[in-house]
Amino acid sequence: MAKKLFIKTYGCQMNVYDSARMADVLAPLGYRLTDRPEAADMVILNTCHIREKASEKLFSELGRLRPVKAERGGQILAVAGCVAQAEGEEIFRRAPHVDLVFGPQTYHRLPEMVARATRAEGAVLDTDFPVESKFDHLPEAASAPGVSAFLSIQEGCDKFCTFCVVPYTRGAEFSRPVAAIVEEARHLVANGAREITLLGQNVNAYRGPGPKGEAAGLADLIRALAAIEGLLRIRYTTSHPRDMDADLLRLHGEEAKLMPFLHLPVQSGSDSVLERMNRGHGADAYRELVATLRRHRPDIALSSDFIVGFPGETDEDFEATLALVEEMGFAQAFSFKYSPRPGTPAALMPDAVPEAVKAERLHRLQTLLGQSQRAWNAKMLGRTLPVLFEQAGRHRNQLIGRSPYWQAVHVEAPEAAIGDLGQIRILAQHRNSLAGEWIGPIGTSPSATSERACA
Ligand code: 5AD
Ligand code: SF4
């Protein structure tokens, strides 16, 4: 009888990708996914360590799972991801009912870990940064990818922003070879994917071996992927401003399959804060980068991340962030209160900003970002956009898709259109989505995907 696997994923899209690959690794052992931990033979919590209280949240979840495990004899309980990497042994000490703890780079060894746990050899810890790449050991994806799929191409980070744990939990920058990525992309497309989002902590720092052993950049990789027939859209995330090279900027004006959306975190609009964050650029360099990008692709939708209340952030620094937001016209953005992460340089910096000031700044910033997003969405009203349909909506005959600019769009359309591009006239904007009416199909042949023609 098939065994049941429950995976709970926290945090970023890389974790979503990793969770799917963990399921692939465990499929040959007979594990099939369930959405109920009580019914599971194995439970994996794939954790995120990027912001505060990650460990506290994990231990309370583990507390909730203790009776579930006791009830379901023989259940294997595993903690994966970045909290596992950071806390290691500590997890067994505080939650002795946990069987496995493994980091983001070792889950290809899950079959062996599961075998050891099943033989009741005691707790299994695997938080190495192994010399072999997990990607060389992962099986082909077993599950259907969906219309929009993730593909991890790069991992780790060498930037060492002073607030961030990623370089410690995910390790050094590593890029997969072009050929392996193209092969995985072909497999995804053959199984129904029409859009692929390339993932990496520092995706535009991608520098992988190309077909002739030469170093290929992200632009080279995207060009190789764009040649795949049936693949309609390519996106990538998350990028660092320092790694937006001229080739990639130009490609945004040249490659029709590369969608006009870029998530480019700036974190702050103040030069002195950016310097203490070790971001390696100032606010004007960001402005210039965006100006160049818009010269190549005038309609590009820009997204960002912000941190408020970084140590020493003055009112003036914060005003500089607001000024940058006013100027840039962000289509969307994520913003966070700074939270000190143990082991990072910023956690030791003086002049912590009081919680109340952080909260007030976050509120002001989010209000401004909300206005910016609404203004961006309002520009879509009355326009006809190509929408790629991904899934059925909540209402009858309703489909949900995405515009080229990453907006969710609700439309009344036949279910058979899932996986296709439709021309949609945008009629209304809601809080987190747009609503439109079906004008007609665009078709899925590559020649029909020059979407700017309709945008
Ligand atoms: N405190 C607050 N926000 C953080 N981020 C990363 N580390 C921290 C931290 N210590 C935010 C950054 C990053 C996003 C993924 O999370 O904005 O771009
Ligand atoms: Fe963290 Fe900075 Fe690396 Fe992004 S670039 S993962 S914020 S250290």
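The values are calculated or read from the model by the stated rules, or taken from the named source; none is laboratory data. On a predicted model such as this, the values are computed, not experimentally measured, just so you know. Note that we place each Cβ from the backbone using ideal geometry, even for glycine, and neighbour counts take in every protein chain shown. The area values use the complete protein model at the heavy-atom level, side chains included, leaving out ligands, DNA and RNA. Shrake-Rupley method; radii C 1.70, N 1.55, O 1.52, S 1.80 Å.
A few notes on this one:
- Residue within segment 278-301 that is modelled with pLDDT of 95 or more, of a type in the set (Gly, Ala, Ser), assigned to a strand (DSSP E or B) and on the phi < 0 side of the Ramachandran plot present: yes
- Residues of segment 192-210 classified as surrounded by 15 or more Cβ atoms within 10 Å (Cβ to Cβ), away from ligand 1 (no atom under 16 Å from the Cβ) and in a loop (DSSP other than H, G, I, E, B), total: 4
- Close pairs (9 angstrom Cβ cut-off, 6 or more residues apart or separate chains): outside the structural domain of Asp420 (by TED's automatic domain parsing) and more than 18 Å from Gly200 (Cα to Cα) in segment 231-257, open to solvent by less than 10 Å² (accessible area, probe 1.4 Å) and of a type in the set (S, T, N, Q) anywhere: Leu232/Thr449; Ala256/Thr449; Lys257/Thr449
- Number of residues in segment 377-436 that are within 20 Å of Pro298 (Cβ to Cβ) and either among the hydroxyl-bearing types (Ser, Thr, Tyr) or at pLDDT below 95 (or both) equals 3.
- Looking across segment 33-91, the residues that are under 26 Å from Phe334 (Cβ atoms), open to solvent by less than 40 Å² (accessible area, probe 1.4 Å) and β-branched (Val, Ile, Thr) come down to Ile44, Thr47, Val79, Val83.
Condition check ((1) more than 16 Å from ligand 2 (Cβ to nearest atom); (2) assigned to a strand (DSSP E or B)) across all residues:
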| position | (1), (2) |
| --- | --- |
| Leu231 | yes, no |
| Tyr236 | no, yes |
| Ser239 | no, no |
| Arg242 | no, no |
| Leu262 | no, yes |
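- Looking only at segment 154-171, and only at residues there that are within 14 Å of Asn204 (Cα to Cα) and within 9 Å of ligand 2 (Cβ to nearest atom), the one that is surrounded by the most Cβ atoms within 10 Å (Cβ to Cβ): Cys157
- Among the conditions (1) modelled with pLDDT under 95; (2) more than 22 Å from Ser304 (Cα to Cα), Leu348 misses just one, which is (1).
- Residue selected from segment 270-279 under the condition open to solvent by less than 30 Å² (accessible area, probe 1.4 Å) and within 15 Å of His240 (Cα to Cα), by the criterion farthest from ligand 2 (Cβ to nearest atom): Leu274
- Only one of Gly253, Gly213 that is outside any helix (DSSP H, G or I), open to solvent by 10 Å² or more (accessible area, probe 1.4 Å) and not β-branched (Val, Ile, Thr): Gly213
- Members of segment 288-344 that are away from ligand 1 (no atom under 16 Å from the Cβ) and of a type in the set (Val, Ile, Thr): Val290, Thr292, Ile300, Thr314
- Test: residue in segment 44-55 that is touching a Lys or Arg at 6+ places or on another chain (Cβ under 6 Å) and under 26 Å from Phe163 (Cβ atoms): yes
- Condition broken by Phe135, with the remaining ones in (1) surrounded by 19 or more Cβ atoms within 10 Å (Cβ to Cβ); (2) under 22 Å from the mean Cα position of the chain (by Cα) satisfied: (1)
- In the condition set (1) within 16 Å of ligand 2 (Cβ to nearest atom); (2) open to solvent by less than 20 Å² (accessible area, probe 1.4 Å), Pro386 is compliant with all but (1).
- Single residue of segment 317-339 satisfying the filter (away from ligand 2 (no atom under 16 Å from the Cβ) and in a loop (DSSP other than H, G, I, E, B)) that is surrounded by the fewest Cβ atoms within 10 Å (Cβ to Cβ): Gly329
- Whichever residue in segment 172-191 is within 16 Å of ligand 2 (Cβ to nearest atom) and over 22 Å from Val266 (Cα atoms) and, among such residues, is least open to solvent (accessible area, probe 1.4 Å): Ser175
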